[in-house]
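Reading through the structure tokens given below for one structure.
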Amino acid sequence: MRSSRTVVPLKKSRSDAKRRRILMVAHEHQPVSVGEVAEQTIMEPSTAMRAMQRLESDALITIVTRRSDQRVSEAQLTRKGYATTERVLKAASRVYRLAFASLDAPQVETLIGLLAEVHRALRNPI
């Protein structure tokens with residue numbers, strides 16, 4: 001039986017998962033370097049940079065050279081990027097609540113711990 005609650009799909013945000021992950025990292029850590037984005041999103045730096053350039057062309061982020069190190073490019077959310085990220089966060093929050101509704105707090109903590117272990121393992125794949 002389907003829930004009577006309506007959930008706006010994340011797909012309506014007009015961004016794929018890669019772009020959403022970059023927006024979330026920029027939202028939490030701005031300014032954020034390409035290397036930091038690559039590490040946080042488990043992407044190759046070149047892949048992260050291309051995705052970031054597309055976000056910049058969509059006016060969601062700006063990419064500038066770090067003043068203290070001209071070799072490093074950093075991204076910051078634009079107003080449009082911030083608004084887009086807020087909409088994605090609201091949609092993700094609704095999905096999160098539905099997905100974890102049947103779990104209690106200790107179960108969620110255990111799951112998060114297990115996923116953190118998986119994430120660490122993926123940082124250094126064989």
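The values are calculated or read from the model by the stated rules, or taken from the named source; none is laboratory data. It should be emphasised that the depicted structure is a prediction, and the values quoted were computed from it without experimental measurement. Here the Cβ positions follow ideal geometry from the backbone for every residue, glycine too, while neighbour counts run over all protein chains shown. For accessibility, only protein heavy atoms count, side chains too; no ligands or nucleic acids. Shrake-Rupley method; radii C 1.70, N 1.55, O 1.52, S 1.80 Å.
Output the number of residues of the stretch 38-62 satisfying the condition of being over 17 Å from THR78 (Cα atoms) and among the hydroxyl-bearing types (Ser, Thr, Tyr).
So the count comes out to 3.
Kindly evaluate TYR82 against the criterion of being under 16 Å from the mean Cα position of the chain (by Cα), open to solvent by 100 Å² or more (accessible area, probe 1.4 Å) and in contact (Cβ under 8 Å) with a residue 40 or more places away in the chain. Even if it seems obvious, please write down each step before you answer.
Values: under 16 Å from the mean Cα position of the chain (by Cα): yes; open to solvent by 100 Å² or more (accessible area, probe 1.4 Å): yes; in contact (Cβ under 8 Å) with a residue 40 or more places away in the chain: yes.
Against the criterion (under 16 Å from the mean Cα position of the chain (by Cα), open to solvent by 100 Å² or more (accessible area, probe 1.4 Å) and in contact (Cβ under 8 Å) with a residue 40 or more places away in the chain), TYR82 qualifies.
Give me the residue from the stretch 25-59 that is touching a residue at least 40 places away in the same chain (Cβ under 8 Å) and open to solvent by less than 70 Å² (accessible area, probe 1.4 Å) and, out of that set, farthest from VAL118 (Cα to Cα).
In the first step, residues of the stretch 25-59 are kept if they are touching a residue at least 40 places away in the same chain (Cβ under 8 Å); the result is 26-27, 30-34, 39, 42.
Still in the running and open to solvent by less than 70 Å² (accessible area, probe 1.4 Å): 26-27, 31-34.
On the way: ALA26: 23, HIS27: 23, PRO31: 27, VAL32: 24, SER33: 24, VAL34: 23 Å.
The qualifying residue farthest from VAL118 (Cα to Cα) is PRO31.
Could you check, for the stretch 91-102, whether at least one of its residues is of a type outside the set (Phe, Trp, Tyr), exposed (fewer than 11 other Cβ atoms within 10 Å of the Cβ) and closer than 19 Å to HIS27 by Cβ?
yes
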